[in-house]
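Read-outs: derived from the displayed coordinates by stated rules, not from any lab. Keep in mind that what you see is a predicted model, and the values were worked out from it rather than measured. Every residue, glycine among them, receives a Cβ derived from its backbone with ideal geometry; neighbour counts consider all protein chains shown.
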Amino acid sequence: MKAKHALTAFGLGLAALGAAPLAQPAHAADAGVLHIFNWTDYTAPDLLKKFTKETGIKVTLDTYDSNETLLAKLKAGTTGYDLVVVSDDFVKIFEQQNLLVKVDAASMPNFHNLEPRWQKRDWDPTAEYTVPWQWGTTSFTYDTKVYPGPVDSLGTLFKPPAVFKGQVGMFGSPSEVINLALLYLGHPPCDTDPSDLKATLALLEAQKPFVKLYNSDGIIDRLTSGEVTMSEQWSGDAMRARVAKPTLKYVFAKEGGIGWMDNLAIPKGAPDVENAKKFINFMMDPENAAIESNFAGYQNAVSGSNKYLQPAMAASPEFNPPSDYKIVFSPGCDAKATKDFDRIWTLIRK
Ligand code: N2P
C-alpha cells in the first residue's frame, strides 16, 4: 500500500518536481530534491520544511504501512526514493537482499549526538547502513467508555469481550500481528515450533469475528471516530489518539509488548545519495530529532533532544512505559519463520 501525500500545503510535493514531464521514470532528473518513503503518519511536516529551508533541498513524501510492503516495493525494482525507514527486525533482511546502500553513518558530523546505547545497535553494530529514526512499543488501545475494564492483558485484544464484536482493528502485516499473538501465548517472536504456531493460528481464527479490519493505515482516525473501539497500535499513535479522544487507553499488558526501533536507510538505486546523507545527518541534531518526536509521539535516539520535547508529550504514559514493563524486541525472522507467518497470514486473511 502506498499513499501519496499532498504536501503542497507547504510548498513541497509535486511542486518540487518542477517542469519534469509526468511520464518521466523515477526521479533521476530531480536535482535538489529528496524523495522520502516513510511509514504512515510518521514524518513531521515542520521537519521537512526546516530541512528545505536550511539546505535548499525540496522534499517529497510517500508512505507505506509495513516493513513487508516496503520490502516488496524495493524488491520489485528501483523506486526513485532516496530514503526509507526500516524497523530493527527487518534491517538484516533488507541488507541480505542487497537492497541498501552503505551510509557509513559513523563518519557523519552529527553521529556523536546519538546516545551511546544506540550507536551500536544489534541489527547494525557499526552504523554501516542505518541510523535510528524513532522507537516505541506495540500493544493495543481500547475505548474505556465502551468497556470500562480494568484491562491488564493482551487477552482483551486476542479474546475480546462480547462488546467488541466486529469492532477491533488489527495491523495489516503478518510480522506485527503474529509476533504480538505469540507474545500473548508466551512464545518468542519468530517462533517456528509447529504446535506454538498451531495455537497461534487457532487464536487468530477465533479472534476474527471480533475484527473489523486488518489495516495499519488510518488507525488514529478510526479510533477517534469510533469506527473501531479497540485496535492494535503503536505507542506514539496511541498517545495522539488519546489526546484527541481522552476515553482511549493504551495498555501496558502483563505479558509485555513488542519493542521496535525504526531506522533511516538509503535504498539501492536512490537517485540522490548525497541528499539522503544530508537528511540523515540532519536527523541526528537534537532539535530536529525532537521536532519529529513531538509530531509522532515516539522516543528518539539523540542526546540533548529532551529539552526540546513538548512537556505534555514527554510526560505522557504512552511515551514512558512502566519501569517493569517487559519490552520484547524481535530478533528478525529467518526465512523459515517468514514462510510460516505468511502461511498463517494467508489463512487468516482468506
Ligand atoms: C507511526 C508508524 C510507526 C511505525 N505512525 C512502527 N514501526
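Structure values in brief
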item: Amide H contacts under 5 Å for Leu248, placed H, 5+ residues apart; result: Thr144
item: Euclidean distance of C-alpha centroids, segment 271-310 and segment 52-121, integer Å; result: 13 Å
item: Projected-area average for segment 187-234 over all orientations - Cα convex hull basis, square nanometres; result: 4.2 nm²
item: Geometric extent, Cα atoms of the chain - Rg, Dmax (angstrom); result: 19.9, 58
item: Derived scalar couplings ³J(HN,Hα) [segment 227-240; Karplus, 6.51 cos²θ - 1.76 cosθ + 1.60; whole Hz; x for Gly, Pro]; result: 5, 10, 10, 8, 7, 4, 7, 8, 4, x, 5, 5, 4, 5
item: For the chain, with +1 on Lys and Arg beta carbons and -1 on Asp and Glu, the positive-most of Phe171, Trp118, Leu99 along the dipole; result: Phe171
item: Computed P(r) (all Cα pairs; segment 219-264; 5 Å bins; percent); result: 5, 21, 30, 19, 15, 8, 2
item: Equivalent ellipsoid semi-axes, segment 57-178, via Cα gyration tensor eigenvalues times 5, rooted, Å; result: 35, 19, 14
item: Net lengthening on full extension, Ala106/Ser225 (0.36 nm per residue, minus Cα-Cα); result: 38.4 nm
item: Cα-based helix-to-principal-axis angle, 286-296 vs the chain, degrees rounded to 10; result: 40 degrees
item: Cα-derived Rg to Rh of segment 198-350, Kirkwood definition; result: 1.01
item: Radius 9 Å from Cβ of His187, net charge of other residues (Lys, Arg +1; Asp, Glu -1); result: -3
item: Subset of Lys50/Lys249; Lys278/Lys307; Lys75/Lys278; Lys120/Lys326 violating a 29 Å alpha-carbon distance limit; result: Lys50/Lys249
item: Euclidean distance of C-alpha centroids, segment 242-259 and segment 182-233, integer Å; result: 15 Å
